[in-house]
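Trainee: Quick one: structure below, then a few questions.
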Amino acid sequence: GIQVEQSPPDLILQEGANSTLRCNFSDSVNNLQWFHQNPWGQLINLFYIPSGTKQNGRLSATTVATERYSLLYISSSQTTDSGVYFCAVERSWDYGGSQGNLIFGKGTKLSVKP
Amino acid sequence: GAGVSQTPSNKVTEKGKYVELRCDPISGHTALYWYRQSLGQGPEFLIYFQGTGAADDSGLPNDRFFAVRPEGSVSTLKIQRTERGDSAVYLCASSLGSHSPADTQYFGPGTRLTVL
């Protein structure tokens, strides 16, 4: 099956620093989502980004589908950014339709220190 | 409702018992998904409903696990003869179910199941 690898597995930042999280995937995908799992376990949608670049405040994401990777950028990090960031992909069938279920990476655990 | 809701938020049971976990999806979402998340891991797919029918149940680990969605809205995940290895957070998600590539999944807060 499709493999989703995230790096780094752990990241410690000082408040105000910038960071880049990476997601590599091994097959063609129709859907790629980035999530933030907060300390209470809630998965919060950040981006739906199967290709291209999107920005939302201090966060932005870029997916290069032809090279099978996605990047999540966090600028001017805050302590509330702490948690685990997951990349998840949805495989495409040969005819182009989506398979339905998301396949998650193991996540990047981010700790932002004040 | 405003989001996906799941009940109970926590469930503690004894080995061998039967449990039911409930998911109430976002209104109007025809697709519903169950995932399981173990400590330190990403969520793993269990089953996917499109309407009332299970479109893909390939992630269910064995026949002790079963899920239903009789009216195409609320879903119940049922686990028989629970084992300690079933302890995990069970997550539910829903989406519009358009089968298009632009179908975003939204997750509930999860049910933390502990089997003693």
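The values are calculated or read from the model by the stated rules, or taken from the named source; none is laboratory data. This structure is a prediction, so every number in the text was calculated from the model and none was measured. Here Cβ is always computed from backbone atoms with ideal geometry, including for glycine, and neighbour counts include all displayed protein chains. Each accessible area value is taken on the protein alone, full model and side chains, heavy atoms only, with ligands, DNA and RNA left out. Shrake-Rupley method; radii C 1.70, N 1.55, O 1.52, S 1.80 Å.
Trainee: Taking the Cα centre of the protein assembly as shown as the origin, how large is its charge dipole in debye, to the nearest 20, when only Lys and Arg (+1) and Asp and Glu (-1) carry charge on their Cβ atoms?
Mentor: Numbers: 19 positive and 19 negative charges, 111 e Å.
It comes to approximately 540 debye.
Trainee: Then there is this: Before anything else, pin down the relative contact order of chain B: Cα pairs under 8 Å, at least 6 apart, normalised by residue count, whole percent.
Mentor: 36
Trainee: If you don't mind, there's one more thing I want to ask. Measure off 7 Å from each Cα along the Cα-to-Cβ vector at residue B:112 and residue A:26, then give the distance between these two points in nanometres to one decimal.
Mentor: 3.3
Trainee: Around residue A:69, under 15 Å between beta carbons, what's the net of Lys plus Arg minus Asp minus Glu among the other residues?
Mentor: Overall, the nearby charge balance is -1.
Trainee: Right, something else. If you place +1 on the Cβ of every Lys and Arg and -1 on the Cβ of every Asp and Glu, how big does the dipole about the Cα centre of segment A:4-113 come out, in debye to the nearest 20?
Mentor: Values: 8 positive and 8 negative charges, 39 e Å.
The dipole of segment A:4-113 has a size of about 180 debye.
Trainee: Count the net charge of all other residues whose Cβ sits under 15 Å from the Cβ of residue B:67, scoring Lys and Arg as +1 and Asp and Glu as -1.
Mentor: On the way: positive: B:22, B:36, B:64, B:69, B:78; negative: B:20, B:24, B:44, B:56, B:57, B:63, B:71, B:86.
Once all neighbours under 15 Å are counted, the net charge is -3.
Trainee: Let me ask something else about it. Where Lys and Arg each count +1 and Asp and Glu each count -1, what net charge lies around residue A:100 among other residues with Cβ under 10 Å from its Cβ?
Mentor: Net local charge, residue A:100 excluded: -2.
Trainee: Which number comes out as Rg/Rh for segment A:4-113 once both Rg and the Kirkwood Rh are worked out on C-alpha atoms?
Mentor: 0.98
Trainee: Okay, moving on. Give me the accessible area per residue for segment B:5-97, probe 1.4 Å, as a whole number in Å².
Mentor: 47
Trainee: Putting +1 on Lys and Arg Cβ atoms and -1 on Asp and Glu Cβ atoms, find which of B:52, B:27, B:62 reaches farthest to the positive end of the dipole of segment B:7-94.
Mentor: B:62
Trainee: Points 7 angstrom from Cα along the Cβ direction at residue B:78 and residue B:15: gap in nanometres?
Mentor: 2.4
Trainee: Additional query: Which order do peptides B:106-115, B:36-45 fall in by mean Cβ count within 10 Å, highest first? Please report the intermediate quantities before stating the final value.
Mentor: On the way: B:106-115: 20.1, B:36-45: 17.2.
So the order, starting with the most tightly packed, is B:106-115, B:36-45.
Trainee: Distance between Cα centroids, segment B:37-67 to segment A:9-66: provide it in whole Å.
Mentor: 24
Trainee: Here is a follow-up. Within 10 Å of each Cβ in peptide B:41-53, how many partner chain Cβ atoms are there on average? Round it to a whole number, please.
Mentor: That average works out to 4.
Trainee: Take the solvent-accessible surface of the protein heavy atoms, probe 1.4 Å, and return the percent of it on chain B that carbon and sulfur atoms account for. Write down the numbers at each step before the final one.
Mentor: Numbers: 2670 of 5470 Å².
Its accessible area is 49 percent carbon and sulfur atoms.
Trainee: OK, next. Could you check what % of the DSSP bridge pairs in chain A are antiparallel, to the nearest 5? Walk me through the intermediate numbers first.
Mentor: On the way: 40 of 45 bridges.
Given both bridge residues lie in chain A, the antiparallel proportion sits at roughly 90 percent.
Trainee: How much of the DSSP beta bridge set in chain B is antiparallel, as a percent to the nearest 5?
Mentor: Given both bridge residues lie in chain B, the antiparallel proportion sits at roughly 90 percent.
Trainee: I'd like the carbon and sulfur percentage of the solvent accessible area for chain A, probe radius 1.4 Å, heavy atoms only, ligands and nucleic acids excluded.
Mentor: Heavy-atom surface of chain A belonging to carbon and sulfur, 1.4 Å probe: 48 percent.
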